[in-house]
Structures are given as structure tokens and as C-alpha cells.
1. Within segment 171-190, is even one residue under 21 Å from residue 24 (Cα atoms), assigned by the TED database to the domain that holds residue 114, of a type in the set (Phe, Trp, Tyr) and part of a helix (DSSP H, G or I)?
2. Condition first: open to solvent by less than 10 Å² (accessible area, probe 1.4 Å), within 11 Å of the ligand (Cβ to nearest atom) and of a type outside the set (Gly, Ala, Ser). Now tell me which residues in segment 103-137 satisfy that.
3. Every residue in segment 143-196 that is more than 15 Å from the ligand (Cβ to nearest atom) and among the hydroxyl-bearing types (Ser, Thr, Tyr), please.
4. So, in segment 162-206, how many residues would count as being touching a Leu at 6+ places or on another chain (Cβ under 6 Å) and basic (Lys, Arg)?
5. Restricting to segment 214-243, name every residue that is within 12 Å of the ligand (Cβ to nearest atom) and of a type outside the set (D, E, K, R).
6. Could you grab me the full set of residues in segment 1-22 that are without any contact (Cβ under 8 Å) to a residue 60 or more places away in the chain and open to solvent by less than 30 Å² (accessible area, probe 1.4 Å)?
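The values are calculated or read from the model by the stated rules, or taken from the named source; none is laboratory data. Note that the coordinates shown come from a computational prediction; the quantities given were computed from them, not determined experimentally. Cβ sites come from the backbone with ideal geometry, for glycine too, and all protein chains shown count toward neighbours. SASA here: full protein model, heavy atoms, side chains in, ligands and nucleic acids out. Shrake-Rupley method; radii C 1.70, N 1.55, O 1.52, S 1.80 Å.
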Amino acid sequence: MPSSEQRVAIVTGAARGIGAATAVRLAAEGRAVAVLDLDESSCKETVETITAAGGKALAVGADVSDEAQVEAAVARVAQELGAPTILVNNAGVLRDNLLFKMSAADWDTVLGVHLRGAFLMTRAVQKHMVDAKFGRVVNLSSSSALGNRGQANYSAAKAGMQGFTKTLAIELGKFGVTANAVAPGFIATDMTAATAARVGMGFEEFQAAAASQIPVQRVGVPDDVAGAIAFFTSDAAGFVSGQVLYVAGGPLD
Ligand SMILES: NC(=O)c1ccc[n+]([C@@H]2O[C@H](COP(=O)([O-])OP(=O)(O)OC[C@H]3O[C@@H](n4cnc5c(N)ncnc54)[C@H](O)[C@@H]3O)[C@@H](O)[C@H]2O)c1
């Protein structure tokens, strides 16, 4: 790649939270960033943050679990920003419930957004990476991959993301493509705020309770995860592939 050429990244679920912080971070590192989320209008704030700092960004509306929308979104990014060679599969939802109360729809929704979404996005983007003989895929797993009460659907999806990541690393390595997973612990976002509300706790109280169980004695913030993702997308990480990095303020395995 000529040094004057800007690499193009797609970050899914980038309207807010970890995805927004990651989009801003990658743009600050010189990437042109497609800020993808369910509604194009919801991406405006992230795009404005990037452009106000002198970066380049495009708002893209798509449901990552919808095959046609994914194909159209990736084609649009290639057309308007250039061939995407960095992909962060971050879009996610929770539908927590104990197994005996979990509906099949709640199972399907969570598996659909996380796993099917990551599969569809990666399949659509990989041809651009293979053509460029360079690619970086980063998938969002979670400490819940190790098992978490009330999250049979989510923990299965997040463990699945790890197997998916390792297989991508094996299949795509010879094309200069690496694939890695970042597995956050507790990160303060709208997602964890919604969990606090669901269990009937104030968000401050919920975070304090979580922090007391974490070795570094604080909960994470989106920038903690964005930094780990940025490393995996860098040129320096070309010999690091198929790994799962827990970003959880302490050891997990
Ligand atoms: N917050 C945490 O503590 C934590 C911990 C571990 C893993 N994660 C993972 O990190 C990722 C981001 O989490 P967050 O806390 O920032 O969540 P969030 O709920 O704040 O943001 C998720 C974003 O994904 C988008 N999204 C949902 N479904 C989508 C779809 N079908 N297509 C496109 N976009 C969609 C939402 O609109 C939202 O903007 C998720 O994959 C989540 O599972 C979060």
C-alpha cells in the first residue's frame, strides 16, 4: 500500500459505547472509518466527533444480521471510502434471562446479531482484504464467554466469537489477514446501564459493586477496549493472530 493511501476501517455498532470509542480511536490513527449502526442518523455524533478532529468518516445504516443490508453496506463503503481492510465486529445486544424463562426469539436475536452478524460482515469484507493482501479483523467477545448466569444466549454467542476468530485466523492468514478477539469485562456503557436497570440497581451502585470484584478496583471505560482493538488493527500486530485478549482489569482465562 502506498504510504499516502489511507486504510479504510468498518466498525459495527459504532453509534455509541465501545464501537464509538473505537471508531474515534481508529480515525485518530489515520484510518478512514465507516461508522455502521442500525440507523444511519444514530451515527451522526460519532461521525461529527471524527470530522471535528480532522478525520474522515462515513455514517452507514445497516442491520448486521441482514445479509442483503450487509452486502449493500460494504459495497457502499468500498465505493465511498475505498476498499475496507480493517473490520471491527462490535455490534451487540443483550436479551438476558434465566434459561427456563428464555424465549427462542431471545436466543435467535442474540446469536443473530453477534455471530451471524460477524459472519456476514466478515464474509462481505474478506474479498477486499484478500485483494489487498492485508486485513485486520477484530471480534468483540466478552468475559461472559466463560459462562454467566442469565446469559445462556450471550455467553454462547461470545464463546462462538472466539472459535470464529480462530478459524478466520487459520483460513485467511495466507492472505495477510489477521483475526483476533477482544473480550471485555465490565465496561460502563448503555449496555451495562440497561443491565443495572433490569436488576433494579442504580448504575453508580452497580458499577461500585462490580469494581470491588475487579483487581484494578474500577470498571472499564470504552477507551480501555478501543486501545486493545487499535493494537490488533495496527501494522505492528501482523504476527499476532487467532488470539483472545481479555480486557477486564484482571486475569481471566
Ligand atoms: N459493555 C460491556 O461491559 C461489554 C462487555 C463485554 C463485551 N461487550 C461487547 O462489546 C460490544 C459493544 O458493547 P457496548 O457496551 O458498547 O454496547 P451498546 O449497547 O452501548 O452499543 C451497541 C451498539 O450496537 C448496535 N447494534 C445492535 N444491534 C445491531 C445490529 N443488528 N446491527 C448494527 N448495529 C447494531 C446498537 O445500536 C448500539 O449502537 C458488544 O458486542 C458487547 O457484547 C460489552
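1. For segment 171-190, residues under 21 Å from residue 24 (Cα atoms), assigned by the TED database to the domain that holds residue 114, of a type in the set (Phe, Trp, Tyr) and part of a helix (DSSP H, G or I): absent.
2. Matches in segment 103-137: 110, 114, 120, 121.
3. Within segment 143-196, 167, 178 qualify.
4. So the count comes out to 0.
5. At the first step, the residues of segment 214-243 found to be within 12 Å of the ligand (Cβ to nearest atom) are 214, 219-226, 228-229.
Within segment 214-243, 214, 219, 220, 221, 222, 225, 226, 228, 229 meet the criteria.
6. The answer is 15, and nothing else.
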